[in-house]
Structures are given as C-alpha cells and as structure tokens.
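Visitor: Structure incoming, see below.
The values are calculated or read from the model by the stated rules, or taken from the named source; none is laboratory data. A quick note: this is a predicted structure, and the numbers were derived from the prediction, not measured. Ideal geometry is used to build each Cβ from the backbone, glycine not excepted, and the neighbour counts take in all protein chains shown. Accessible surface is based on the protein model in full, side chains and every heavy atom, while ligands, DNA and RNA are left aside. Shrake-Rupley method; radii C 1.70, N 1.55, O 1.52, S 1.80 Å.
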Amino acid sequence: MSIRIFVPGDAGALAVGADKVAGALVSEAAKRGLDIEIVRNGSRGMFWLEPMVEVETEKGRVAYGPVKSSDVPGLLDAGLTDGGSHALNLGLTEEIDFLKRQTRLTFARCGITDPLSLEDYRAHGGLKGLEQAIAMTPLDIVTQVTDSGLRGRGGAGFPTGIKWKTVLDAQGAQKYIVCNADEGDSGTFADRMIMEGDPFVLIEGMVIAGIATGATKGYVYTRSEYPHAIAAMNSAIEIARKNNVLGVSVLNSGHAFDMEVRVGAGAYVCGEETALLESLEGRRGIVRAKPPLPAHKGFLGRPTVINNVISLASVPVIMEKGAAFYKDFGMGRSRGTIPIQIAGNARHGGLFEAAFGMTLGELVDDVAGGTITGQPVKAVQVGGPLGAYFPRALFDTPFDYEEFAARDGLIGHAGIVVFDDSVDMLDQARFAMEFCAIESCGKCTPCRIGSTRGVEVADKIRRGEEPEKQLALLTDLCNTMKFGSLCALGGFTPYPVMSAINHFPEDFRPVPMSQAAE
Amino acid sequence: MLNRTADADIASRAGAIVEGHRALEGPLLPILHSIQDEFGYVPTAALPAIADGLNLSRAEVHGVVSFYHDYRQEPAGRHVIKVCRAEACQSMGGEELAEKLLALLGLDWHQTRADGAVTIEPVYCLGLCACAPSAMVDGEVIGRLDHDAIAEIARGVNA
C-alpha cells in the first residue's frame with residue numbers, strides 16, 4: 001500500500017511554496033522507488049508551519065514544517081515516510097499545542113480530509129447533519145438552529161434561526177439561500193480555508209438551509225481575490241451534483257436544491273448583504289435601505305436567507321449533534337465556537353477555533369505567542385478594517401459579541417491583526433478613513449464625503465495644523481458617520497479611528513516643530 | 001476602417017458571450033468577467049452588445065463596469081502584480097516593501113509601464129494574512145514577502 005503524504009493545497013500554503021514541496025516529494029520518491037500518494041489537503045491553520053507536510057503512520061499523522069522543497073531529500077533520508085526524526089519533525093499533528101487547545105466543530109475536517117473526496121467527507125462524519133435534517137420538518141430544523149444559539153459569523157451576530165424562520169414564513173414561489181463568502185476583512189481567512197479545505201461542509205449547510213426554508217436555489221458569492229476557493233467550490237459542487245447531494249431530489253429525499261458560485265469584482269462593500277444582492281443581480285454594489293429585509297425581498301425581490309460561510313458551515317454539526325451540544329460551548333449570549341483568525345505580526349498566526357470566552361490576552365500572548373518581530377504588542381485590531389484597535393489595557397476582554405460591544409469594539413468576522421510597537425496609530429486611523437473612501441459605494445453622504453474629509457483632517461493633524469481643533473473635528477466627523485451612514489462601512493469606520501484616538505492619544509499629539517523638521 | 005472592423009469583431013464576440021450567459025439569474029457580472037477573460041479588459045465596443053442582449057441602457061452597463069475595481073477599461077500589462085495594502089500586511093512592513101517594488105518598476109499604483117510589460121495594482125486583502133505581507137503575480141499567490149522576494153518579482157517582469 002502506498003504511503004499517504006499530505007501537502008496542503010490551501011492558498012496560504014501555496015503562497016509559501018507548497019506546490020514546490022509536493023513536486024519535490026513526487027520526483028524524489030520516484031528516484032528512490034518509494035510508493036507514495038500525495039493528498040492535497042486543506043490547511044490545519046498553523047500558517048507559521050506552512051508548508052506543513054504530514055505523513056500517515058501507524059501511530060497517527062506525523063507533521064513536518066515549515067518544509068522547503070530543498071528540505072525534501074534530507075527529510076526522505078531521515079525516514080519521513082515512517083515519521084522519522086528530523087529537525088523539522090513536529091511530532092504527531094494532533095499533539096501540537098496550537099491544535100490540541102482548540103475545539104474544532106466547524107473546522108473538524110479541515111486539513112484532515114481530501115477536500116474533494118466525498119467518500120473522505122462521509123468517512124469523517126460528513127452528510128450526517130443533512131441526513132438528520134431530511135428526516136425532520138422544516139420548522140423543526142429551524143427550531144434546532146435557533147436553539148443552538150448560532151449567530152451570524154459574518155460580524156453582525158444576528159441569530160441565524162430567526163432569519164431562517166422569517167424566510168420559512170415568507171410566501172414566495174422561489175426562495176434563495178445566498179452565502180456571503182465575500183470575505184474582505186483584512187486579517188480574516190476562515191471562509192477561504194473552509195471553501196478550499198472542506199467545501200462539502202458549506203454545500204451541506206446550504207442544502208440544510210434550503211430544506212429548512214423551502215429554498216431550492218443557492219448562490220455562493222465570493223471574491224475574485226480567491227481563485228483557489230472558487231475552483232475548489234466549483235469542483236465540489238460538480239461532485240455533489242454527480243452524487244445526488246445536489247439536484248432535483250437531494251439524497252432521494254424529494255427536496256430539490258442546486259447552487260452555483262458567483263464571483264465579485266473587487267468591491268469591499270459587496271460584503272454588506274444588500275450591496276451583495278445588488279451585485280448578484282448584476283448592478284453596482286450599492287447598499288439598499290432596509291426594510292424590506294432580504295428575508296422578505298432579497299435576491300430578485302424574493303425571500304432570501306443570506307448567511308456567512310461560517311454560519312452555514314456550522315449548521316451540519318448542529319444538526320448532527322444537536323442544539324444542546326453546540327449551545328453547551330461558549331459564554332453569555334455567544335454560544336458555540338468561533339474560528340478566530342490570528343494574523344499580521346503574530347508569531348503563531350493561523351486559525352484557532354474555540355468556544356467563545358477566551359480573552360484577547362490569552363489569544364495574543366499565549367496562543368499566538370506575541371509578535372514575529374519580537375517587539376512588544378502595541379495594538380491589535382479585531383474585526384477587520386471596521387473593527388476597533390485594542391490596547392494591552394483591554395486584553396482582559398473575553399471573545400463575546402456583547403463584551404466587545406461594551407468596550408466599543410466588535411468581533412466582526414473574528415480576525416485579530418497584531419501590531420508591534422513600530423505602528424503609528426495616526427497612520428492607522430488615516431488608513432481606516434482612506435479605505436472607507438476607496439470602498440464607499442457612494443450612496444450616502446456621511447460615508448462618501450466623510451471618509452475623504454477624514455483623510456484630510458488626519459493629514460492636518462500630521463502636519464501639526466491646529467491639531468486640537470482638528471482632533472475635535474475628527475471626533476465630530478466620526479459621530480456623523482457612525483449615526484448617519486446607511487450601512488456598516490461608513491457606520492463602523494469610526495471604530496478604528498476613535499479607538500486609535502482614545503487608546504493611543506500620544507500618537508495624535510503634534511510633533512514639536514524641531515523634531516518634525518528632522 | 002481598421003478600427004471599425006476591430007470594433008465589429010469585439011461586438012460579435014461580446015454578443016456570443018452574452019448569449020452563452022442568458023440563462024443565468026443576474027448575468028451581468030459573469031458576462032463582464034468573461035469579456036475581461038476574452039479581451040483582457042472590457043472594451044467600450046463591447047458595451048452596446050451587452051446592453052442590447054440584457055435590455056439595459058449603455059449607461060447602466062458602463063455604470064457597473066466603472067463601479068467595480070476589477071474591470072479594466074484598457075488592457076493591462078503582460079504581467080499583473082497585485083500587492084496587498086491592508087492592515088495585516090501593513091503590520092508586517094508591507095507598505096515599505098510595496099514602495100520599494102514601485103520604485104524598482106518605476107510605476108505608481110494602477111499604472112501600466114509604457115513598454116506594456118507590467119501593471120501594478122493595490123489589493124485589499126488576499127486572505128493570506130497569517131503569512132503577510134502578500135501579493136499575487138499573474139494569479140500566483142506569494143506570502144512572507146521580503147526584500148529578496150520583491151527584487152525577484154521585479155526581475156521576473158523585466159525578463
């Protein structure tokens with residue numbers, strides 16, 4: 001029997017040379033007459049170890065990383081195929097601390113299975129949730145999702161079950177499930193990892209959503225910046241169709257459901273659900289006023305469930321193991337697990353799925369191990385470009401929707417970007433405004449004009465022109481944007497700006513002229 | 001005369017693309033992606049065919065083309081470099097590296113070099129935030145960029 005060697009095909013691994021490593025393994029093994037089978041799995045989410053090669057042994061999977069293609073001959077000399085010892089040997093994958101500390105429910109299979117093998121998916125518990133759902137009434141499915149406490153993982157945190165109930169109750173000959181895979185927040189990559197590493201779980205979640213609400217058609221709206229995820233989803237959908245997981249009678253249940261992938265065109269605002277629907281319909285990605293809610297009048301004016309990738313991908317495990325099982329994890333009103341993405345200047349950056357409740361400090365200092373540069377952490381931005389910057393003084397904040405809101409921040413899509421002490425928070429505040437100006441859809445004035453004025457005001461502070469007055473103006477501008485914008489782009493841009501001002505006032509003080517001239 | 005023939009050719013190829021997407025719900029973005037795949041940009045000469053096929057005005061189609069950052073209204077260089085400028089890459093010194101790359105190429109953001117060799121564009125997140133800074137060169141993703149990698153990218157497009 002051939003030896004199974006896993007080399008991730010995840011874009012994060014490809015970006016650091018996984019294809020070269022796989023190629024070197026194939027050619028070296030051929031030279032040595034070794035019978036190996038390379039599996040291009042998803043990533044385990046430990047990106048500082050990528051490309052991380054795993055080999056299946058009797059004791060379990062043994063990991064090596066980070067592997068360069070030039071390491072391959074040496075690794076084979078050291079007996080990689082039997083899990084032999086080598087400087088890059090990380091031991092049994094499951095025993096690596098970063099993985100061992102996690103509670104992987106949504107990401108249970110990611111990095112373990114062959115992403116495009118439906119047999120592998122089934123062998124690791126896949127489709128059990130769908131089989132359960134098929135045996136239930138739509139209302140019971142919706143109730144189970146509601147009872148699990150699952151809330152929108154895209155950032156808004158709206159209860160998923162309530163959305164589904166609204167669509168179930170809505171009248172309409174055609175209803176839709178739209179998956180928001182427009183993961184534009186910097187510091188986030190959970191959606192990408194699921195689509196590349198376990199695409200069937202998203203398909204399964206969408207089919208369950210379809211059965212629960214009476215929708216027969218689904219769309220995954222993702223980003224053109226994610227070519228690998230698009231390819232993986234398209235292949236998985238084809239395989240699912242051939243195997244009757246999608247089609248006129250899903251698993252012979254009599255329920256019809258089919259889906260397709262749609263690709264955005266580089267507009268961040270299309271991650272906002274109503275702008276996404278406009279874009280999906282073929283228009284400019286301009287935000288719609290609500291009401292009507294997408295649940296009543298969504299895609300093409302028809303009842304539409306619109307959920308984030310991670311929300312939908314969490315549904316199969318909830319159906320398989322029950323609402324109580326899922327709800328048992330977490331704290332307060334934040335139930336279940338959340339795939340936290342640790343990024344930027346983090347020594348151990350990657351995907352860390354855990355029950356809600358861990359503190360920011362535990363995640364940054366303990367799990368991530370501080371910065372790569374070895375400098376002290378000055379700030380972390382949580383929740384993407386619209387999320388607040390947290391100083392060390394707030395590192396006791398637990399990961400929970402309400403706790404973050406209480407500290408004028410937001411979890412968002414659960415990305416944490418770590419910055420060391422070289423960061424200038426005035427620069428970051430300016431960037432937040434600049435980004436909003438670049439990406440504003442232009443429909444509402446506070447966002448469209450406010451963001452450009454914000455950049456100008458930040459520049460004046462930098463130049464030391466009446467800085468006190470400008471700072472007051474910036475604060476006032478943030479208030480206008482926060483309360484006057486139509487959607488979260490303009491409405492939340494004040495979070496990074498105000499948090500930078502409030503927590504790092506020293507960076508906003510005018511530089512004395514003598515120093516500035518140097 | 002030559003231009004008119006070229007425009008007619010663009011219009012007929014665009015028309016065929018529109019036909020191929022007619023069955024889709026909300027076909028405009030997929031059509032524009034296909035047009036850009038076919039021509040390397042979205043030629044103005046393709047707009048009437050799209051507008052006719054979808055029963056839209058040319059202004060509506062133009063409005064969509066101009067809204068999205070991805071759609072080019074003129075051809076790109078032979079190589080396309082997209083450099084991430086978002087926060088995770090900033091935290092790893094991405095801006096400094098990006099400035100260096102611009103200097104090596106002699107370009108500013110969104111510019112195509114006069115010899116048509118290369119176009120450089122900013123991108124706001126490639127989802128490679130745990131191996132930042134990152135870029136995409138002709139569709140290939142590159143993470144953990146450093147000065148050597150930047151120099152290699154510049155050499156690659158100059159070759």
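Visitor: Return the calculated 222 nm mean residue ellipticity for chain B, to the nearest 500 deg cm²/dmol, obtained by summing -39500 (n - 2.57) across DSSP H runs with n ≥ 4 and dividing by the residue count.
Guide: Estimated from H runs of four or more residues: -14500 deg cm²/dmol.
Visitor: Can you give me the relative contact order of chain A as a percent, contacts being Cα pairs under 8 Å and 6 or more apart? Each step should come with its number before you reach the end.
Guide: On the way: 1144 pairs, mean separation 68.2, N = 518.
Relative contact order comes out at 13 percent.
Visitor: Could you work out what % of the accessible surface of the stretch A:112-166 is carbon and sulfur, using a 1.4 angstrom probe and leaving DNA, RNA and ligands out of the count?
Guide: Result for the stretch A:112-166: 58 percent of the exposed heavy-atom area is carbon or sulfur.
Visitor: Separate question: Leaving ligands, DNA and RNA out of it, report the carbon-plus-sulfur percent of the accessible area of the stretch B:2-67 at a 1.4 Å probe. Walk me through the numbers on the way to the answer.
Guide: Values: 1700 of 3330 Å².
On the stretch B:2-67, the fraction of accessible area on carbon and sulfur atoms equals 51 percent.
Visitor: Counting only Cα, what are the radius of gyration and maximum Cα-Cα distance Dmax of the stretch A:3-100, in Å?
Guide: When restricted to the Cα atoms of the stretch A:3-100, Rg and Dmax are 12.0, 36 Å.
Visitor: Can you compute the modelled spin-label distance between A:ASP396 and A:GLU260, with each label point 7 Å from Cα toward Cβ, in nm?
Guide: Result: 5.5 nm between the two label points.
Visitor: Too long at a 25 Å Cα-Cα cut-off: which of A:LYS290/A:LYS482; A:LYS217/A:LYS482; A:LYS100/B:LYS82; A:LYS163/A:LYS242; A:LYS59/A:LYS100?
Guide: Pairs exceeding 25 Å: A:LYS217/A:LYS482; A:LYS100/B:LYS82; A:LYS163/A:LYS242.
Visitor: Let me ask something else. Using a 1.4 Å probe and counting only protein heavy atoms, how much accessible surface gets buried when A and B come together, both sides summed, in Å² to the nearest 100?
Guide: Buried area (both sides, nearest 100 Å²): 3600 Å².
Visitor: Now for a separate question. Between A:ARG101 and A:PHE158, what FRET efficiency comes out of the Förster formula 1/(1 + (r/R0)^6) with R0 = 30 Å and r the beta carbon distance, rounded to 0.05?
Guide: The calculated FRET efficiency here is 0.55.
Visitor: Continuing with this model, one more query. Reachable lysines from A:LYS20, Cα under 21 Å, same-chain residues fewer than 8 places away excluded?
Guide: Straight-distance partners of A:LYS20: A:LYS31, A:LYS68.
Visitor: If R0 is 30 Å, what FRET efficiency do you get for A:MET1 and B:GLU140 from their C-beta distance, rounded to 0.05? Walk me through the numbers on the way to the answer.
Guide: On the way: r = 34 Å, r/R0 = 1.14.
That gives a FRET efficiency of 0.30.
Visitor: Please compute the per residue accessible area over the stretch A:3-100 with all protein chains in place, 1.4 Å probe, rounded to a whole number of Å².
Guide: Result: 40 Å² per residue.
Visitor: How do A:277-285, B:107-115, B:147-155 rank on mean C-beta neighbours within 10 Å, highest first?
Guide: Values: A:277-285: 22.8, B:107-115: 13.0, B:147-155: 15.1.
In descending order of packing, they fall as A:277-285, B:147-155, B:107-115.
Visitor: What are the aspartates and glutamates whose alpha-carbon lies under 15 Å from the alpha-carbon of A:LYS460, with same-chain residues fewer than 8 places away excluded?
Guide: The reachable aspartates and glutamates, counting only those whose Cα sits under 15 Å from A:LYS460, are A:ASP427, A:GLU434, A:GLU468, A:ASP507.
Visitor: Partner chain Cβ atoms within 10 Å, averaged over the residues of A:263-270 - can you pull that number for me?
Guide: For peptide A:263-270, the averaged partner shielding equals 5.
Visitor: Suppose the chain between A:ARG347 and A:SER422 were pulled fully straight at 0.36 nm per residue; how much longer would it get relative to their current alpha carbon spacing?
Guide: Values: separation 75, 0.36 × 75 = 27.00 nm, distance 1.58 nm.
Contour length minus the Cα-Cα distance gives 25.4 nm.
Visitor: Determine by what factor the alpha-carbon radius of gyration of the stretch B:2-67 differs from 2.2 N^0.38 Å, reporting the quotient.
Guide: 1.01
Visitor: Another one. Net charge around A:PHE158, counting only other residues with Cβ within less than 14 Å of its Cβ (Lys, Arg = +1; Asp, Glu = -1)?
Guide: Counting the neighbours of A:PHE158, the net charge comes to +4.
Visitor: Can you give me the Rg/Rh ratio for the stretch B:10-159, using Cα atoms for both radii and the Kirkwood formula for Rh?
Guide: Values: Rg = 17.7 Å, Rh = 16.7 Å.
Ratio value, two decimals: 1.06.
Visitor: Run the lone-cysteine check on the protein assembly as shown: no other Cys C-beta under 4.7 Å from the residue's C-beta.
Guide: Those would be A:CYS110, A:CYS179, A:CYS270, A:CYS436, A:CYS441, A:CYS444, A:CYS447, A:CYS478, A:CYS487, B:CYS125, B:CYS129, B:CYS131, since no other cysteine Cβ in the protein assembly as shown comes under 4.7 Å of theirs.
Visitor: Next up: Averaged over B:120-126, how many beta carbons belonging to a partner chain fall within 10 Å of each residue's beta carbon?
Guide: Across B:120-126, the average partner-chain Cβ count within 10 Å equals 6.
Visitor: Here's something else I'd like to know. Largest first and in whole Å, what are the equivalent-ellipsoid semi-axes of the protein assembly as shown based on the Cα gyration tensor, each being the root of 5 times an eigenvalue?
Guide: That gives 34, 32, 29 Å for the three semi-axes.
Visitor: So which residues of the stretch B:62-77 lose at least 40 Å² of accessible area, probe 1.4 Å, when you go from the chain by itself to every protein chain present?
Guide: B:PHE67, B:TYR68, B:HIS69, B:ASP70
Visitor: Would you tell me the mean number of C-beta atoms belonging to other protein chains that fall within 10 Å of each C-beta in B:131-143, as a whole number? Show your work: numbers first, answer last.
Guide: On the way: counts 13, 11, 1, 4, 1, 4, 0, 0, 2, 4, 10, 4, 9.
If you average over the peptide's residues, the count of other-chain Cβ atoms is 5.
Visitor: Report the label-to-label distance for A:VAL248 and A:ALA405 in nanometres (one decimal), using points 7 Å from each Cα along the Cα→Cβ vector.
Guide: 4.7
Visitor: Which residues in the stretch B:140-155 have a backbone N closer than 11 Å to a point placed 7 Å from the Cα of B:ALA117 along the Cα-to-Cβ line?
Guide: B:154-155
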